[in-house]
Amino acid sequence: MKTVNGHEIIQLFEEFSPKHLAEEGDPIGLQIGKLNEKVENVMITLDVLENVVDEAIKNNVKLIIAHHPPLFRPLKSLHTDTYQGRMMEKLIKHDIAVYAAHTNLDVASGGVNDLLADALGLQETTVLLPTHSEQLRKLVVYVPKENSEELRNALGKAGAGHIGNYSHCSFSTEGTGRFLPGEETDPHIGQKGKLEEVSEEKIETIYPRSLEKKVLKAMFTHHPYEEVAYDIYSLENKGEALGLGRIGNLQEEVPLKQFAAAVKETFGMDGIRVIGDMEAKVRKVAVLGGDGNKFISAAKRLGADAFVSGDIYYHTAHDAMMMGLNVVDAGHHIEKVMKDGVAEYLAKKCAEKGYIVNIFASKANTNPFTFM
């Protein structure tokens, strides 16, 4: 077990939600404070408001991971007698760092939109609007036969060998490795100055480029040789498609009225807005956290019977009506599912690493709307 600092927590988080997935210009990353301090408590929140900061202070939190960046636009001034200035002052005085993951967390596999789709019970989900495709690479490495199983397992645990729903995929061929250890070497097999022949296994596997450091670290850690013989190839194969929103099927077809009621209950909303014929049948559903106005055409084009999102404008609602797309506007705040989802992911990863840290979801309410 070991104590950790903010850098180590964020390193784990960015394996799940890497920065390169964010939309251009999105103000993500460390926004306030520093990450080189010891961290005992980490809080996950949708928004950073003053009540959230007060909760963090009460719980001795030194790192907040938020979905919505508190500094979305550059500040021209910071007056501590204003609401935002007072909040920033509290964060700085209590040495609380704030890290934001916005569209990268929307896009990430297992991120906001996957959490929303899972909550709705959608099956066979795909991306609503692709924005990224993981670049794939092939690793070829040569290892003594007696060490091959250990190395294959280590590479698989590091994320190599994922093809669709299969993991730990690899291919092996046997052969003979030859090498002559020099005077400055400490060979695992053989003697200095003597040509050696070893029965070796050639292991081939693939990995997404974003995991390259992790995969190579696993290879070097679990390979017995001082000098590892390996090759890396860039591939033309398309990797996993990532993007905004998800679309999938309900287990069974239901009327829009019943589906909308289920959405309201699932996300614990006091009220929702519905566009469309309440008796219309719903089976194929698109969902997108946040502002969904730009995505109704994509939902319709992919055959969605209903689109679940938030912040739908009056005229966008007219457009949806005319194109025959049913819409459930459950509000922006349904993205709160990310709090428990991210907290559970990070807690699990920290436990695997043996980190002594408490990860928890904020309980503060940041929904600005009250339904009368």
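The values are calculated or read from the model by the stated rules, or taken from the named source; none is laboratory data. Just so it is clear, the structure is predicted and the values come from calculations on it, not from any experiment. Here the Cβ positions follow ideal geometry from the backbone for every residue, glycine too, while neighbour counts run over all protein chains shown. Calculation scope for accessible area: heavy atoms of the full protein, side chains included, ligands and nucleic acids excluded. Shrake-Rupley method; radii C 1.70, N 1.55, O 1.52, S 1.80 Å.
Measuring nothing but how far apart in sequence close Cα pairs (under 8 Å, 6+ apart) lie, relative to its length, the chain scores a relative contact order of 21 percent. Within segment 1-83, the trypsin sites (Lys or Arg not before Pro) that combine a DSSP coil assignment with at most 15 other C-beta atoms in a 10 angstrom radius are K34, K76. Of Y355, Y233, the order by accessible heavy-atom surface (1.4 Å probe, DNA, RNA and ligands excluded), from most exposed downward, is Y233, Y355.
Estimated from the Cβ-Cβ distance and a Förster radius of 22 angstrom, the FRET efficiency linking E196 and C169 is about 0.10.
Placing +1 on each Lys and Arg Cβ and -1 on each Asp and Glu Cβ, with no other charges, gives segment 175-281 a dipole about its Cα centre of roughly 520 debye. Couplings for segment 20-33, taken from phi via the Karplus curve 6.51 cos²θ - 1.76 cosθ + 1.60 with θ = phi - 60°, read 5, 7, 6, 5, 4, x, 6, x, 9, x, 5, 10, 9, x Hz in order; Gly and Pro are left as x. Calculated accessible area for the chain comes out at 53 Å² per residue, all protein chains present (probe 1.4 Å; ligands, DNA, RNA ignored). Under a model in which nothing but the beta-carbon of Lys, Arg (+1) and Asp, Glu (-1) is charged, segment 240-285 shows a dipole of about 80 debye around its Cα centre. Computed extension length for L302-F369: 21.0 nm, one decimal, from 0.36 nm per residue of separation with the Cα-Cα distance subtracted. The heavy atoms of S109 offer some 60 square angstrom of accessible surface to a 1.4 angstrom probe. I need the shape label for segment 203-308. Rule: rounded when a/c is under 1.5, else prolate if a/b > b/c, else oblate, with a, b, c from the alpha carbon gyration tensor. It is prolate, given that a/c is not under 1.5 and a/b is the larger ratio. Surface composition of the chain: carbon plus sulfur atoms hold 49% of the accessible area, using a 1.4 angstrom probe and ignoring ligands, DNA and RNA. Note the angle between two axes, namely the Cα long axis of helix 212-222 and the longest principal axis of the Cα atoms of the chain, as a number of degrees from 0 to 90, rounded to the nearest 10. Compared with the principal axis, the helix lies near 40 degrees.
Among the GluC sites (Glu not before Pro) in segment 176-213, those located in a DSSP loop and surrounded by at most 12 other Cβ atoms within 10 Å of their own Cβ are E183, E184. Hey, quick one: spin label on K90, modelled 7 Å out along Cα-Cβ, who in segment 345-372 has an amide N within reach, i.e. under 14 Å? Within reach of a label on K90: 363-366. Taking 19 Å as the straight-line reach from the Cα of K217, the aspartates and glutamates in range (excluding those fewer than 8 positions away in the same chain) are E8, E14, E15, E149, E150, E204, E226, E227, D231, E352. Computed with every protein chain present, the accessible area of L195 is close to 120 Å² [probe 1.4 Å]. For the pair segment 237-262 and segment 118-143, the centres of their Cα atoms are 17 angstrom apart.
Scanning residues 5 or more positions from G289 or on other chains, those with amide H under 5 Å from its amide H are G245, with H placed 1.01 Å from N in the peptide plane. Of the trypsin sites (Lys or Arg not before Pro) found in segment 289-366, those in coil by DSSP whose Cβ has at most 12 other Cβ atoms within 10 Å are K363. The 3J(HN,Hα) values that the Karplus relation (6.51, -1.76, 1.60; θ = phi - 60°) gives for segment 153-158 are, in residue order, 5, 5, 5, x, 5, 7 Hz. Gly and Pro appear as x. Phi angles of segment 278-292 translate, via the Karplus equation with coefficients 6.51, -1.76, 1.60 and θ = phi - 60°, into HN-Hα couplings of 4, 9, 4, 7, 10, 9, 8, 10, 9, 9, 8, x, x, 7, x Hz per residue; Gly and Pro are given as x. Under the shape rule built on the C-alpha gyration tensor, where the axes satisfy a ≥ b ≥ c, the chain is oblate, since a/c reaches at least 1.5 while a/b does not exceed b/c.
Using only DSSP helix segments of four residues or longer, with each worth -39500 (n - 2.57), what per-residue ellipticity at 222 nm results for the chain after dividing by its residue count and rounding to 500? Estimated from H runs of four or more residues: -8500 deg cm²/dmol.
Taking the Cα atoms only, what angle lies between the long axis of helix 337-353 and the longest principal axis of the chain, rounded to 10 degrees? Long axis of 337-353 versus the principal axis of the chain: about 20 degrees. A straight Cα-to-Cα reach below 19 Å connects K62 with the lysines K2, K34, K38, K90, K93, K339, K349, K363, residues fewer than 8 places away in its own chain not being considered. Does segment 74-136 come out rounded, prolate or oblate, given a ≥ b ≥ c as the square roots of the eigenvalues of its C-alpha gyration tensor, rounded meaning a/c under 1.5 and, failing that, prolate meaning a/b above b/c? Cα axes put segment 74-136 in the prolate bin. The charge dipole of the chain, taken about its Cα centre with unit charges on the Cβ atoms of Lys, Arg (+1), Asp and Glu (-1) only, comes to about 620 debye. Solvent-accessible area of H332, all protein chains in place: 60 Å² (probe radius 1.4 Å, heavy atoms, ligands and nucleic acids excluded).
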